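Here the structure is laid out as structure tokens; the discussion comes afterwards.
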Amino acid sequence: MIGIIGGGIIGVATAYELAKLGEDVIVFEKRYLGSGSTFRCASGIRAQFTDEANIKLMKYSIERWGQLSEELNHDIMFQQTGYLFLATSEEEVEAFKRNIKLQNKFGVPTKLITPEEAKEIVPPLNKDAFLAAAWNPEDGKASPFHTLYAYKKAAEKLGARFHEYTKVTMIEKEDKWKIKTTRGEFKVDVVVNATNAWAREINSMIGKDIIPIKPYKHQLVKTEPLERGQIEPLVCPPAWNDSYVIQDGEDGGVICGTALEYETSPDDVTPTYDFAKEVLKWAVKIIPALKHVHIVRQWAGHYARTPDNNPAIGEIEDNFYVAIGFSGHGFMMAPAVAQALAERIVKGRTKVPLDWEWFDPFRFERGELRSSAFQIG
Amino acid sequence: MRIVCRCNDVTVEDIEKLIDEGVTDLEELRRLLRIGMGPCQGRTCIPIVISILARKTGKRPEDIALPNARFPVRPVKIEALVGGEK
Ligand SMILES: Cc1cc2nc3c(=O)[nH]c(=O)nc-3n(C[C@H](O)[C@H](O)[C@H](O)COP(=O)(O)OP(=O)(O)OC[C@H]3O[C@@H](n4cnc5c(N)ncnc54)[C@H](O)[C@@H]3O)c2cc1C
Ligand code: FES
């Protein structure tokens, strides 16, 4: 029996992959599934990273995204509407060119396009502020709600059990792992810590607080629904405070994000007014016509950041695994990470191109950081 | 067809179907159908959804927790918030 702590996209997808391999799985979630960062994310999925490990992992993950609706028998609304990164200076254009070369080397078809070409893809774009854009039409988005639900339903069909409103309060090692929860005790052979922003609490329970994750509150503002087909890709000029806009794949409202963040407890999800002002300042610079639409909602969630913005994935104690510290891109990685982790736990190896060395949970103890993973949505 | 959520075109049938499939948590129903996420933030639909949920599950309506209302309480034009800035 395998016990997964945390019912976000990582925990739920891992439960499915483990059940698919014939394992008996039980998931503990202290609130409702998705109530952590997962239901608060911007839904973006991209292979436009700046290092080999993340590019390869995300190339594979995007292939998995493409299969999920059919495999899980539920429409997860995955759409390859692309990511458009906008360069505002000559130095940035050069940096984009280097990144594109690296992405192309691993089969990601990103290319450099002109502001005019970008405007064809995003008609209301303010093209005058940009020199060039990096465009990967294979990047995209999916519904966090439907993806999580689809994984959960498929996992349940295979026998996995989900205990919601069940908080893990203590873990002890006996012949097996004993997990104490607010709803009783459970004995499992293997534990997976998938609590991301809360992960240090869980690791501390076994005396292994070795991954220095810090939770940062990030927020989003969303507009009323707009006609589809206008701002379909995620559009982001990194130099503008990592601000981005993307039309929600379901209702067409525009989701607006920016890098204004606060170091807080992961349970604090109160939106702040200064965020709304900051994010909208940039959003109307990217798409001036947004001035005329209404915002209808604002919410907050957390980035669980590690010192190098790369997650920690692996075994930190015999039969105790972690997949945590996703630093703002755990949704997009979930299909690949869940499969890799499940296969590693059950078979000891996986064909998923996940570089275990790169994501090694012990790297922080050794003071060995990776190059920082590119962080936007 | 009886519409419950006017902002997102969700019908009584949509809601009952999901409840019959075992989705009885208001938070989960909301996310799957986007009820309460439209411009009115659920002012119109959430009370109706709660009464449907109560009827179908035998819970008392007052035992079903209301979702958070989110800022802004009513839609606000972006211009009004970025005011004057260029
Ligand atoms: C504003 C914002 C925008 C984002 N945009 C994107 C994006 O566009 N693309 C992308 O890929 N990622 C994005 N992210 C990041 C993404 O949301 C996360 O990386 C991802 O959801 C992490 O999933 P998870 O399953 O690891 O964690 P979570 O979804 O946070 O799940 C962890 C769960 O553990 C539970 N838990 C904690 N402690 C306990 C305990 N003691 N017992 C039981 N359960 C417990 C929590 O309740 C929680 O549900 C964004 C995040 C934010 C906040
Ligand atoms: S009627 Fe449902 S959100 Fe407005």
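Worth pointing out:
- Listed by position, the strands (runs of 3 or more DSSP E) enclosed by the range A:47-156 that each have at least 1 residues that are among the small types (Gly, Ala, Ser) and open to solvent by less than 30 Å² (accessible area, probe 1.4 Å) are A:83-87, A:132-136.
- Flag if A:ILE255 is within 21 Å of A:ALA276 (Cβ to Cβ), of a type outside the set (Phe, Trp, Tyr) and either away from ligand 2 (no atom under 16 Å from the Cβ) or within 14 Å of chain B (Cβ to nearest Cβ) (or both): yes
- Residue match in the range A:11-28 (condition: in a loop (DSSP other than H, G, I, E, B) and within 14 Å of chain B (Cβ to nearest Cβ)): no
- Taking the criterion of being among the small types (Gly, Ala, Ser) and more than 12 Å from the chain's Cα centre (by Cα), the residues of the range A:339-377 that qualify are A:ALA340, A:ALA342, A:GLY348, A:GLY367, A:SER371, A:SER372, A:ALA373.
- Evaluation of B:THR24 against (1) more than 14 Å from ligand 2 (Cβ to nearest atom); (2) within 10 Å of chain A (Cβ to nearest Cβ); (3) surrounded by 14 or more Cβ atoms within 10 Å (Cβ to Cβ); (4) not basic (Lys, Arg) (one fails), failing number: (2)
- Tally of residues being in a loop (DSSP other than H, G, I, E, B), open to solvent by 20 Å² or more (accessible area, probe 1.4 Å) and within 14 Å of chain B (Cβ to nearest Cβ) across the range A:258-280: 6
- Among residues of the range A:157-170 being more than 10 Å from ligand 1 (Cβ to nearest atom) and in contact with a strand residue (DSSP E or B) (Cβ under 6 Å, 6 or more places away or on another chain), the one that is most open to solvent (accessible area, probe 1.4 Å) is A:ARG161.
- Selected residue (criterion: nearest to the other protein chains (Cβ to nearest Cβ)) from residues of the range A:295-316 that are β-branched (Val, Ile, Thr) and either touching a Gly at 6+ places or on another chain (Cβ under 8 Å) or outside any strand (DSSP E or B) (or both): A:VAL296
- For A:HIS294, the conditions (1) touching an Asp or Glu at 6+ places or on another chain (Cβ under 7 Å); (2) surrounded by 22 or more Cβ atoms within 10 Å (Cβ to Cβ) all hold with the exception of (2).
- Hits in the range A:260-309 (condition: of a type in the set (A, V, I, L, M) and free of Cβ contacts under 8 Å to residues at least 24 places away in the same chain): A:VAL284
- Members of the range A:337-352 found to be open to solvent by 40 Å² or more (accessible area, probe 1.4 Å) and outside any loop (DSSP other than H, G, I, E, B), listed by number: A:ARG344, A:VAL346, A:LYS347
Each row is one residue, and each column tells you yes or no for (1) outside any loop (DSSP other than H, G, I, E, B); (2) of a type in the set (Ser, Thr, Tyr); (3) within 16 Å of ligand 1 (Cβ to nearest atom); (4) open to solvent by less than 50 Å² (accessible area, probe 1.4 Å).
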position	(1), (2), (3), (4)
A:ALA323	yes, no, yes, yes
A:MET332	yes, no, yes, yes
A:PRO335	yes, no, yes, yes
A:LEU354	no, no, yes, yes
A:SER371	no, yes, no, no
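- Selection of first residues in the range B:32-53 that are within 14 Å of chain A (Cβ to nearest Cβ) and of second residues that are open to solvent by 30 Å² or more (accessible area, probe 1.4 Å) and not hydrophobic (A, V, I, L, M, F, W, C), restricted to Cβ pairs under 6 Å at least 6 apart or on distinct chains, gives the following pairs, ordered by first then second residue: B:LEU33/B:ASP14; B:ARG34/B:ASN8; B:GLY38/B:ASN8; B:PRO39/A:GLU224; B:PRO39/B:PRO75; B:THR44/B:ARG6.
- Considering the range B:58-72, the residues that are more than 7 Å from chain A (Cβ to nearest Cβ) and surrounded by 11 or more Cβ atoms within 10 Å (Cβ to Cβ) include one that is nearest to B:ILE35 (Cα to Cα), namely B:PRO67.
- Hey, A:ALA42 crowded, with 17+ Cβ neighbours inside 10 Å, within 16 Å of the chain's Cα centre (by Cα) and away from ligand 2 (no atom under 16 Å from the Cβ) or not: yes
- Flag if A:PRO238 is within 21 Å of B:GLY38 (Cβ to Cβ) and open to solvent by 10 Å² or more (accessible area, probe 1.4 Å): no
The values are calculated or read from the model by the stated rules, or taken from the named source; none is laboratory data. Since this is a predicted model, take the numbers as computed values, not measurements. Every residue, glycine among them, receives a Cβ derived from its backbone with ideal geometry; neighbour counts consider all protein chains shown. The area values use the complete protein model at the heavy-atom level, side chains included, leaving out ligands, DNA and RNA. Shrake-Rupley method; radii C 1.70, N 1.55, O 1.52, S 1.80 Å.
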